[in-house]
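Presented below is the structure to which this report refers.
The values are calculated or read from the model by the stated rules, or taken from the named source; none is laboratory data. Keep in mind the model is a prediction, meaning the values are calculated, not measured. Neighbour counts are summed over all protein chains in view; Cβ atoms, including those assigned to glycine, are modelled from backbone coordinates with ideal geometry. Heads up: the accessible areas ignore ligands, DNA and RNA and are worked out on the full protein's heavy atoms, side chains in. Shrake-Rupley method; radii C 1.70, N 1.55, O 1.52, S 1.80 Å.
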Amino acid sequence: MPGVGTISPEGLEVQVAHRRNPYAYMLTGAELDALLLEVALRRAGSVWRHHTADERDAPRGAYPRPAMGFVLLDATAGPWTPNEEAVLGVIALGDGGHAFLPNAAAKAGAHRRLGRNNGEAVHVDPHLLGTGGFRYGHSAEVRGQIVGASSQGTDQDLYEAALLAGEFVDAVNSRHRAWEQRVGPGDWASPDERPAPEYRAMTDWFTPAPSPAAPAPAPGEGVALLR
């Protein structure tokens, strides 16, 4: 799926694309891409600063390359959703950043499957990797938002993934609050005040029984006596 792109102030190519839009009640596809581009530009600035920094000015070490790939998963997707269908979107930074997307996807997918950082499987429990598992690096989860990132050192990838996850969550929540202000009170996160089909289907099988007829009042009961 083609996405959108721009050049960061530092001169890095920035490309984003979404595959799923769980926030369609408040964001069009173009608006979700714009949100991804907003947070991607922050990561582009960070990657460039850390790549060009002197080692003495880089607390996590200078980044080896001015390129990076990120995969964000859909925090609303149920556990029955296959990983390949649970991808919310991707971000590619710099020349060749897209080449690191499979690595980032593997980290994020393993995290979702295991319920914890891919690095634990890499370094502690490799029996959890399985054939085709990614043997390098960590994944991040911030308030339910899982992100995999790749191209730098393991700690550097983790640092950037965690920042992206947190900034994405904050951006979505900020837009949700603005949406609430626009639409006012309500029960459902939907434009028409209707629950998602999934929730309707969960109880559609139930048909209420007819209400039992009220018993007829006994003679004299419930009747005002005239005098």
Exercise for review: Kindly list the number of the only condition in (1) touching a helix residue (DSSP H, G or I) at 6+ places or on another chain (Cβ under 6 Å); (2) of a type in the set (Ser, Thr, Tyr); (3) under 24 Å from Arg113 (Cα atoms) that fails for Tyr63.
Suggested key: (3)
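For (1) within 21 Å of the chain's Cα centre (by Cα); (2) under 22 Å from Val172 (Cβ atoms); (3) modelled with pLDDT of 90 or more; (4) not aliphatic (A, V, I, L, M), each residue gets a yes or a no:
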| position | (1), (2), (3), (4) |
| --- | --- |
| Ala58 | no, no, no, no |
| Gly61 | no, no, yes, yes |
| Glu85 | yes, yes, yes, yes |
| Tyr159 | yes, yes, yes, yes |
Point to revise | Conditions (1) closer than 30 Å to Glu198 by Cα; (2) in contact with a Gly (Cβ under 9 Å, 6 or more places away or on another chain); (3) of a type in the set (S, T, N, Q): number failed by Asn118 | key: (1)
Point to revise | Filter result (touching a His at 6+ places or on another chain (Cβ under 7 Å) and either over 20 Å from Ala17 (Cβ atoms) or among the polar types (S, T, N, Q) (or both)) within segment 33-59 | key: Ala58
Practice item. Assess whether Asn117 counts as being open to solvent by 30 Å² or more (accessible area, probe 1.4 Å), in contact with a strand residue (DSSP E or B) (Cβ under 8 Å, 6 or more places away or on another chain) and over 24 Å from Gly94 (Cβ atoms). Key: yes
Point to revise | In segment 58-85, the residues that are closer than 16 Å to Tyr159 by Cα and open to solvent by 70 Å² or more (accessible area, probe 1.4 Å) | key: Pro59, Arg60, Pro64, Arg65
Review point. Between a first residue in segment 35-64 that is within 15 Å of Glu10 (Cα to Cα) and a second residue that is open to solvent by less than 30 Å² (accessible area, probe 1.4 Å) and acidic (Asp, Glu), which pairs have beta carbons less than 8 Å apart while being 6 or more apart in sequence or on different chains?
Key: Arg43/Glu160; Ser46/Glu160; Val47/Glu160
